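Report on one structure; see the data block that follows.
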Amino acid sequence: MVEEEQRSAGDGRSPKGGQPDSDAVQATIGDVGRWQVVVFLWIALLKFPVAWNMMAIVFLAPPVEARCQQDLNSSDHCMARGPNGTEERCTSWRYDRSVFTETIVTEWDLVCSRYQLSNVAQMVFMFGILTGNCLFGIAADRYGRKAPLVVAMMLQSLAGVAAAMVPWFEAFIALRFMVAFATGGSMITSFVLCVEIMGGKWRMITAVLNHLPFCLGHMTLALIAFYVRDWRTLQLVISLPSLLLVSYWWTLPESPRWLLTRGRESEAIEILEKVAKTNKMDASQVLPAVKTFIADKEKQQESLGENKASVLDLFRTPNLRRTTLCLYFNWMVCGFCFYGLAQYMGQIGGNIFINVFVNGTLELSGLLCIYFMGKFGRRNTMVGSQMLAAVACILITAVPRGPGAPEWPSVTLAAGGIVGATIAFFAVYLFSGELLPTVVRNAGMGSTSMCARVGSMLAPFVSSLNHVSTYIPPLLFGCFPLVAAILCLLLPETTGRDLPDTLEEGENFRRKQDGGAERGRANGNCASEDSAM
């Protein structure tokens, strides 16, 4: 999934007594209008190549039956009988090409002692996503949203095309890292741009709907791979569309909010006036709204002065430390189970194309978290979804496996695990944003999302243990969310409560009486949701 995207929008609420820095934008162009919808839909297209590249390893390195070329009758494809009857290591293999004509496994013999190299490739890819999130995030703050986004799309396409042509595995890994680096950059930059042009409840809705194109991309990847059975051609097909999106340079505007915060008011005014006319708003209100924004910004800078905090402050007091560690573990488990189960679905038997398509469809279940969090609360939703993932995965170990055994029970239970992991992944964004204090919310959300990346880097290695024992992967995918669910019980409920702004409020958050929650219920939900997104 795209967890780093949402952390940059984590603090949508200004400190107490200050004006939200989006007022000058929303006051002149509205919370949502024709212009915002068009921009959102146009940017949503890039989520397709994002999903294709992130999940492509399932078809680049699918499970392939191999037999030792030196001894086709050997039961162990890693060993062969020598001329004198002794066993020796196999040096060449014959692969089953009935489903895939060529994969990175068959081309570079990633079997036996080299079989973990395909997992290394995916681990490097996930590390590239993390690196791209960080560095492109910095670039987007310094140079604007549009320029880094266009650079990311160009790099994603060119590196992807090059990866489809190189003859060496090491070069393939290096280029896939560059693809991931660009993919991470496009994820974070595009999301921030979308959120910055929306206002009110539409900011939260945008954050949720932002996942839909990714799910659709995951589903269409299965269709593309069904017709493209050679890994080089597949890599080429999923890389070329990004080059068309370089047209963002001419078709997308710069973020008006970013221009205002960087002191480029004249450029922001020019964009806002055009957008106001498109959205049928009063363009004459742009100039006074910008002047008000500048005055409020100067007051905020004076009042905030020396009140700075860092992510290290989350570990200085006992309650915040416990909350932070529980969130870290839950984010790690979400990344671990979501990406691990997605890859595991392609290895447990059945039709790999149907399994991956169903997997993408199941990700739409994450939208249910909106109803569950409103009905049952944030903590109960987290506990329930992690328990669903845990129970479903652990039950897989009880399903009979082997020749003649039906495959649908394992596939069905794995699907249940994906549903639980997806809902938990959606819910942990909002829950974390409401638990972390305002003064360190962005930094806190950034550090928690890094934990999810650690989980996603470990996931392919656990999925590959299916070759060692069919019981190990589902058992590990089940035990970790079980522990995560138990740790969630240590966290306070946040539904209907005012967000903690200071470190002291964050430390005392669990001690607040229910009366405080009732007082904040009237407006706490909307404020919380905007802040977390």
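Summary table
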| read-out | value |
| --- | --- |
| Matching residues, the range 369-387, being hydrophobic (A, V, I, L, M, F, W, C), within 15 Å of GLY420 (Cβ to Cβ) and in contact (Cβ under 8 Å) with a residue 40 or more places away in the chain | CYS369, PHE372, MET373, MET382, VAL383, MET387 |
| The range 140-149, residues that are aliphatic (A, V, I, L, M) and crowded, with 19+ Cβ neighbours inside 10 Å | ALA140, LEU149 |
| When residues of the range 339-367 are limited to those that are among the aromatic types (Phe, Trp, Tyr) and modelled with pLDDT of 85 or more, the one nearest to ALA405 (Cα to Cα) | PHE353 |
| Counted residues, the range 102-132 - those being modelled with pLDDT under 90, farther than 17 Å from LEU175 by Cα and assigned to a helix (DSSP H, G or I) | 3 |
| Matching residues in the range 458-487 - criterion: being among the aliphatic types (A, V, I, L, M) and at pLDDT 85 or above | LEU458, ALA459, VAL462, ILE472, LEU475, LEU476, LEU482, VAL483, ALA484, ALA485, ILE486, LEU487 |
| Residue count for the range 488-507, restricted to those that are β-branched (Val, Ile, Thr) and at pLDDT 80 or above | 1 |
| Pairs with Cβ under 8 Å, 6+ apart, first in the range 351-368 and more than 15 Å from GLY217 (Cα to Cα), second at pLDDT below 80 | ILE352/GLY346; GLY366/HIS211; LEU367/VAL208; LEU367/HIS211 |
| Some residue of the range 230-252 being within 18 Å of GLY33 (Cβ to Cβ) and in a helix (DSSP H, G or I) | yes |
| Test: PHE100 is touching a helix residue (DSSP H, G or I) at 6+ places or on another chain (Cβ under 6 Å), within 30 Å of GLY360 (Cβ to Cβ), touching a residue at least 40 places away in the same chain (Cβ under 8 Å) and crowded, with 21+ Cβ neighbours inside 10 Å | no |
| Only one of ARG232, ARG262 that is surrounded by fewer than 23 Cβ atoms within 10 Å (Cβ to Cβ), in the same structural domain as PRO49 (by TED's automatic domain parsing), under 30 Å from the mean Cα position of the chain (by Cα) and of a type outside the set (A, V, I, L, M) | ARG232 |
| Test: ILE294 is outside the structural domain of PRO474 (by TED's automatic domain parsing) and at pLDDT below 85 | yes |
| Of all residues making up the range 60-75, the number that are at pLDDT 80 or above and assigned to a loop (DSSP other than H, G, I, E, B) | 6 |
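Yes/no matrix, rows are residues, columns are (1) part of a helix (DSSP H, G or I); (2) within 30 Å of ASN466 (Cα to Cα); (3) among the acidic types (Asp, Glu); (4) modelled with pLDDT of 85 or more:
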{"position": "LYS280", "(1), (2), (3), (4)": "no, no, no, no"}
{"position": "GLN285", "(1), (2), (3), (4)": "yes, no, no, no"}
{"position": "ALA289", "(1), (2), (3), (4)": "yes, no, no, no"}
{"position": "GLU298", "(1), (2), (3), (4)": "yes, no, yes, no"}
{"position": "GLN301", "(1), (2), (3), (4)": "yes, no, no, no"}
{"position": "ALA309", "(1), (2), (3), (4)": "no, no, no, no"}
{"position": "THR324", "(1), (2), (3), (4)": "yes, no, no, yes"}
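The values are calculated or read from the model by the stated rules, or taken from the named source; none is laboratory data. Predicted model only: the values in this text are computed from it and were never measured. Neighbour counts are summed over all protein chains in view; Cβ atoms, including those assigned to glycine, are modelled from backbone coordinates with ideal geometry.
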